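Structure record follows, encoded as structure tokens.
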Amino acid sequence: SGTSPTYQWMLNGANVGTNNSSYTNTSLVDGDTLRVTVTPDLNGCGTSVYTSAPVAIFQKDVFDFGDYYLESQPSVAGVLFACIPVVWTDMVNLGNNRNDLEKIQNGGSWNAGAASLNQLNANSLIYTVVDEINTNRYFGTSNSNSGVGQNSIDFAVYLRDDGTLRVVESGTNRGDFGSYQNGDTIKIAFVNGIIEYYRNSTLLYTSLLTASFPQIADVSFNSLGGTLQDVTIIYDTDGVFDASVTSAGSSPTYQWKLNGADVGSNSSTYTNLGLADGDQISVTIIPDVLGCASVSPYVSDTIIIKTQNTILPIELLSFNGTPRQNYVEIEWSTASETNNDFFTIERSANAKDFDAIATIQGAGNSSELLHYKFKDRNPLWGSNFYRLKQTDFDGQFSYSEIIRVDYNPDFELVVFPNPSSGTLDILHDPRFNNISVQLSNSLGQEVSFVLKKEASRAELAFDQGVPNGIYYLSIDLNGINKVMKVILHR
């Protein structure tokens, strides 16, 4: 274009500006159109004029400012819980819908992860609600986000694609803790700095490590399509909340809301010491950024207030079963209970199909150590599988882990007369409804006989051709076997 081209700027078709390669206008509005014509300074090349493509100016309706999340200030009294949805950052190969996550690309390796902006303290809890059981992902917390790999997470629950659940700490396997299913709530709790892992209300494992605080949510994904849903942090609160935001200008506008109604002042902090169970807190913000005179308010996620301990209706310390001579004794202990209406004891022969066998009243609300006992006086012979169903006053319920108790007690068995002249009477416990008998000689050869059965008695008659001698009588009652020596002397 030569050494001294000529510039003519045009705004909405009218000439503006100076003969300069730059044009400045700080008063542009939505719909303005800007272009420039250039006349080259080339000797002998005529006076051709070149016109640029237009630049259209649009008002940006929504201003995308920086990270934004809510927190509760540390509690002094600790009478309420604040349930705060996690706000994610540093997402790699993941998509999110608020506090839900899904791996959207590059499946088959541990190359997807994210961390939270929200923090956990020494008395807090984080949970996720399971909505699928066929992918591999880690859910946990760390002192800092050091990468997307699973081994970088300090305290984690490994949700495996075979439906099993494992606790892993900084890459070290702490053991498998049964299975998980859709609808289960997986929790990692910090109780006075002690790390506890839960499935629903069942304590799975207590860590021997010490956590450094604050902690953040830290996750890793292997399988394409793997999800973590409704990831939420919970800690106690006195009712003082902060809105943390970046790149919103020097004086953004805040409007706090309590249960949908405007409250508080134009401040990044909101205080309400009279909150009750179920209250909902949120805030809208309008950034103060030059050139953004009209923007849509940004609405935060909602903090839900819960009364203390409603997140864990019971803290189940132990659940055990012991076979006795005539029954199975079921025992369990709780460290605390909140709104606990009752326990249901359920029993199964195959660990899949359960029947309720007893209901035990709960303590309602308690912060004391409580012990419970129940005697199952009609256990199944052989393997019994038990679980506890805990039901709140509002009808919500959760299950404990499943325990197995093998019931093979000694039983009363009388065989007479011995020696026998040809017949034997067998008296047994009437609870046994399935009896089978075998008779063999000292060489192990079976001997023929006739057996007549009654409710708690059976009569065995030797065949006439059986010679006198020593024989071995094997009696099986509901799968329990006893062998005794008998003498035939006609």
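Across segment 82-138, the relative contact order, built from alpha-carbon pairs under 8 Å that are at least six residues apart, equals 32 percent.
Whole number please: convex hull volume per residue of the Cα set in segment 177-222, in Å³?
114
Could you calculate, for segment 383-441, the ratio of the Cα radius of gyration to the Kirkwood radius, expressed as Rg to Rh?
Numbers: Rg = 21.8 Å, Rh = 16.3 Å.
Rounded to two decimals, Rg over Rh is 1.34.
So how do His489, His428 line up by other beta-carbon neighbours within 10 Å, fewest first? Don't skip to the end; give the middle numbers.
Numbers: His489 11, His428 20.
With the fewest neighbours first, His489, His428 line up as His489, His428.
Legend: Rg and Dmax of segment 450-490, from Cα coordinates, 11.8, 32 Å.
For segment 303-445, take the alpha-carbon Rg, divide it by the Kirkwood Rh, and send me Rg/Rh. Please report the intermediate quantities before stating the final value.
Numbers: Rg = 22.3 Å, Rh = 18.3 Å.
Rg/Rh for segment 303-445 comes to 1.22.
Given R0 = 60 Å, the distance between the Cβ atoms of Arg98 and Thr3 translates into a calculated FRET efficiency of 0.55.
Taking each residue as 0.36 nm, the span from Lys375 to Ala455 lengthens on full extension beyond its C-alpha to C-alpha distance by 26.3 nm. Each of Ala349, Gly2, Ser223 was placed along the dipole of the chain (beta-carbon charges, centred on the mean Cα), and the one lying farthest toward the positive end is Ala349.
Is there a pair in Lys453/Lys482; Lys306/Lys373; Lys187/Lys389 whose C-alpha atoms are over 25 Å apart, and which pairs would that be? Going by Cα-Cα distance, Lys306/Lys373 fall outside the 25 Å limit.
If you average the sequence gap of Cα pairs under 8 Å that are 6 or more apart and divide by the length of segment 76-183, what percent do you get for the contact order? Display every interim value, and only then the final one.
Details: 180 pairs, mean separation 20.5, N = 108.
Relative contact order, segment 76-183: 19 percent.
Size of the chain from its Cα atoms: along the principal axes, largest to smallest, the extents are 142, 62, 36 Å.
Between Thr302 and Ser318, the contour length at 0.36 nm per residue exceeds the Cα-Cα span by 2.2 nm.
In percent, what relative contact order does the chain have, based on Cα pairs under 8 Å that are 6 or more apart in sequence?
Working: 1230 pairs, mean separation 54.9, N = 490.
With pairs under 8 Å counted, the relative contact order is 11 percent.
Could you check the spin-label model distance between Tyr327 and Ala356? Points 7 Å from the Cα along Cα→Cβ, value in nm. According to this spin-label approximation, the distance is 2.0 nm. Converting phi to 3J(HN,Hα) with the Karplus coefficients 6.51, -1.76 and 1.60 and the offset θ = phi - 60°, segment 366-376 yields 7, 10, 9, 6, 10, 10, 10, 9, 8, 9, 7 Hz in sequence order, with x at every glycine or proline.
Around the Cα centre of the chain, unit charges on the Cβ atoms of Lys, Arg, Asp and Glu (plus for the first two, minus for the last two) sum to a dipole of about 1240 debye.
Taking 0.36 nm per residue of separation and subtracting the current Cα-Cα distance, fully stretching the chain between Asp288 and Thr33 would add 89.2 nm.
Rule-based calculations on the coordinates, nothing more; no lab input. In this text, all values refer to a predicted model and were calculated from it rather than measured experimentally. Here the Cβ is made from the backbone with ideal geometry for all residues, glycine too, and neighbour counts use every protein chain on show.
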